[in-house]
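Below is one structure; the comments refer to it alone.
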Amino acid sequence: MKISLILILINSTFYLHVKAQTIPIVKFDYYEQLRSKQNDTTYIVNFWATWCKPCVNELPYFEQINKKYKNEKVQVILISLDFIKQYDFKLKPFVAKRELQSQVVLLDEPNYNAWIDKVDKNWGGAIPATVIFNNDKKQYHFFEREFSFEELDQIVIRLTQ
């Protein structure tokens with residue numbers, strides 16, 4: 001019985017490791033390059049962290065948007081503001097356990113004051129914060145709040161029509 005349980009635990013751990021997405025560690029220029037892309041894709045960029053309850057509460061809605069629009073020119077990117085030292089033991093297991101399918105990156109820029117205003121001059125620094133933009137349509141929206149699925153979906157519908 002003990003051997004069977006151990007094998008099950010080993011297999012499930014291996015499965016989670018294999019299924020878990022790679023989480024790139026990026027600098028702020030990742031976001032700047034994203035913002036400057038000249039295409040007709042609508043980008044939904046959410047700044048969040050595993051320690052932020054409202055952020056975690058809204059993650060399923062971003063996942064729903066990602067799934068709903070997977071065959072359209074809509075891309076959901078979740079930019080984690082977790083501490084770099086928590087990458088292996090907190091962020092990676094969090095993403096794997098929740099089976100997040102949206103692109104997740106870890107922003108390694110601890111001096112928030114150096115880049116927050118570059119995202120939006122009205123951003124006070126609180127999270128969750130979301131930027132939704134489509135450069136071809138010259139659309140840009142910044143939100144410093146938690147979303148429901150319906151709210152996100154209505155914005156995406158307006159930007160993709």
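The values are calculated or read from the model by the stated rules, or taken from the named source; none is laboratory data. Treat the numbers as computed from the prediction; the structure is a model and nothing was measured. A quick note on method: Cβ atoms are made from the backbone with ideal geometry, for glycine too, and the neighbour counts reach across all protein chains shown.
Name the residues in the stretch 77-92 that are among the charged types (D, E, K, R), touching a residue at least 24 places away in the same chain (Cβ under 8 Å) and closer than 14 Å to D108 by Cβ, would you?
The initial filter retains those residues of the stretch 77-92 that are among the charged types (D, E, K, R), namely 82, 85, 88, 90, 92.
Narrowing the set further to residues that are touching a residue at least 24 places away in the same chain (Cβ under 8 Å) leaves 82, 90, 92.
Scanning the stretch 77-92 gives a single hit, D82.
Return the residue satisfying two criteria in turn: it lies in the stretch 58-91 and is of a type in the set (F, W, Y) and in contact with a Leu (Cβ under 7 Å, 6 or more places away or on another chain), and of such residues it is surrounded by the most Cβ atoms within 10 Å (Cβ to Cβ).
Initially, the stretch 58-91 is screened for residues of a type in the set (F, W, Y), giving 61-62, 69, 83, 87, 89.
So of that shortlist, the ones also in contact with a Leu (Cβ under 7 Å, 6 or more places away or on another chain) come out as 61-62, 87.
Numbers: Y61: 19, F62: 24, Y87: 15.
Of everything passing the filter in the stretch 58-91, F62 is surrounded by the most Cβ atoms within 10 Å (Cβ to Cβ).
Of all residues in the stretch 96-117, none that is modelled with pLDDT of 95 or more has its Cβ atom under 6 Å from the Cβ atom of a residue that is polar (S, T, N, Q) and surrounded by fewer than 18 Cβ atoms within 10 Å (Cβ to Cβ), 6 or more apart or on another chain.
All conditions in (1) touching a helix residue (DSSP H, G or I) at 6+ places or on another chain (Cβ under 9 Å); (2) closer than 25 Å to Q21 by Cβ; (3) not acidic (D, E) hold for F89, with the sole exception of (1). Quick one: in the stretch 1-57, of everything that is hydroxyl-bearing (S, T, Y), at pLDDT 50 or above and surrounded by fewer than 14 Cβ atoms within 10 Å (Cβ to Cβ), which residue is nearest to the chain's Cα centre (by Cα)? Out of the qualifying residues, it is T22. Annotation note: Cβ proximity below 9 Å between a residue of the stretch 24-52 that is among the small types (G, A, S) and a residue that is outside any loop (DSSP other than H, G, I, E, B) and surrounded by 19 or more Cβ atoms within 10 Å (Cβ to Cβ) (sequence gap 6+ or interchain) occurs for A49/C55; A49/S80; A49/L91.
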